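What follows is one structure encoded as structure tokens, with my remarks underneath.
The values are calculated or read from the model by the stated rules, or taken from the named source; none is laboratory data. Small disclaimer: the values here were computed from a predicted structure and weren't measured. We place every Cβ from the backbone using ideal geometry, glycine too, and count neighbours over all the protein chains shown.
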């Protein structure tokens, strides 16, 4: 492993350790070992796997902190995987130099208004686990094309925009499991255009992601014109906010031109979903199943489906009234 202190890092939270980090990535071997300490960065540390070969970043079981004091991501990971997850689509350099970059065991704290956590570009099997990212603009950003991404057992907290952002990204096979993603202003998990496919969001606590004037939600999937959102499983999560929060706990926006095939094949099952202007809000979508959830306290509506087809809503507990049925009746399901 490449111990960043052996490459000149101070780790005192005051000195700028950017050059030492970049030097260790470019000339060291294997994973970048942070050790205990507070490391200050003012520019992104670029991990270009096409040049360095296999790399990762390992902290000391939570005793390592990276402060991002400049714009951009603290760590920018660049690969060159241009295929799918099918073995036949791989070029040899992906397996020989780029696969499976792992980030674990440390914190990233944003100190700059445009500072992000981790950015992934054309990676294969990137894995982020046991990481804390807080007060960044975007916690984790996936760009262009990535495959087989895994986010597990991590905390993404108080981002000024989004916790996990799929930014015009073509990605298949993504698992988001066992995380806390909370108090981000626009969204906990957000898709902005792109082509995500085969995504599992399971066993997470996704809460209180509100405050932005933009369209917002705990989970916000916006495929945009000509793009798509397909094969999502949203299961066994707690997804809730506060009654005054605008937007929806889960918002799915298909093609704004009205075609229903862009957002489709989505299962929302076994979640606790509540406390927001709307709980579930879906437009221009098809083949969606909403089953076995507790859906509560939508101050405007529990669920709305607009210009949708092939929708199943079954065996949910739905309501926004007190148990004794007193008070204002704001619950309901709207098919528009």
Quiz item: So residue 22 fits all but one of (1) modelled with pLDDT of 90 or more; (2) within 27 Å of the chain's Cα centre (by Cα); (3) not in a helix (DSSP H, G or I); what number is the exception?
Solution: (3)
Exercise. Sort out which residues of the stretch 36-46 are farther than 18 Å from residue 115 by Cβ and surrounded by fewer than 18 Cβ atoms within 10 Å (Cβ to Cβ), and write them in order of number.
Key: 36
Quiz item: When you go through (1) farther than 24 Å from residue 159 by Cα; (2) touching a strand residue (DSSP E or B) at 6+ places or on another chain (Cβ under 9 Å); (3) in a loop (DSSP other than H, G, I, E, B) one by one for residue 226, which number turns out not to apply?
Solution: (2)
Practice problem: Return the pairs, sorted by first residue and then second, in which the second residue is surrounded by fewer than 22 Cβ atoms within 10 Å (Cβ to Cβ) and not in a strand (DSSP E or B), the first residue lies in the stretch 228-252 and is touching a residue at least 24 places away in the same chain (Cβ under 8 Å) and at negative phi, the beta carbons are less than 6 Å apart, and the residues are 6+ apart or on different chains. | Solution: 235/270; 241/208
Quiz item: When residue 53 is evaluated against the numbered criteria (1) surrounded by fewer than 18 Cβ atoms within 10 Å (Cβ to Cβ); (2) in contact with a strand residue (DSSP E or B) (Cβ under 7 Å, 6 or more places away or on another chain); (3) closer than 20 Å to residue 25 by Cβ, which criterion, by number, is the only one it fails?
Solution: (2)
Practice problem: Kindly state which strands (runs of 3 or more DSSP E) lie completely within the stretch 43-134 and contain at least 1 residues that are on the phi > 0 side of the Ramachandran plot. | Solution: 72-78
Quiz item: Would the stretch 75-97 turn up any residue that is closer than 17 Å to residue 25 by Cα and over 22 Å from the mean Cα position of the chain (by Cα)?
Solution: yes
Exercise. Inspect all residues belonging to the stretch 170-185 and state whether any of them is out of contact with any strand residue (DSSP E or B) (no Cβ under 7 Å at 6 or more places or on another chain), surrounded by fewer than 18 Cβ atoms within 10 Å (Cβ to Cβ), free of Cβ contacts under 8 Å to residues at least 40 places away in the same chain and more than 20 Å from residue 108 (Cα to Cα).
Key: no
Exercise. State which residue is modelled with the highest pLDDT when the search covers only the stretch 144-156 and only residues that are farther than 14 Å from residue 127 by Cβ and surrounded by fewer than 20 Cβ atoms within 10 Å (Cβ to Cβ).
Key: 155
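In the stretch 211-223, how many residues are surrounded by fewer than 24 Cβ atoms within 10 Å (Cβ to Cβ) and either part of a strand (DSSP E or B) or within 15 Å of the chain's Cα centre (by Cα) (or both)?
Restricting attention to the stretch 211-223, the residues satisfying the condition of being surrounded by fewer than 24 Cβ atoms within 10 Å (Cβ to Cβ) are 211-215, 222.
Checking which are either part of a strand (DSSP E or B) or within 15 Å of the chain's Cα centre (by Cα) (or both) leaves us with 222.
So the answer is 1.
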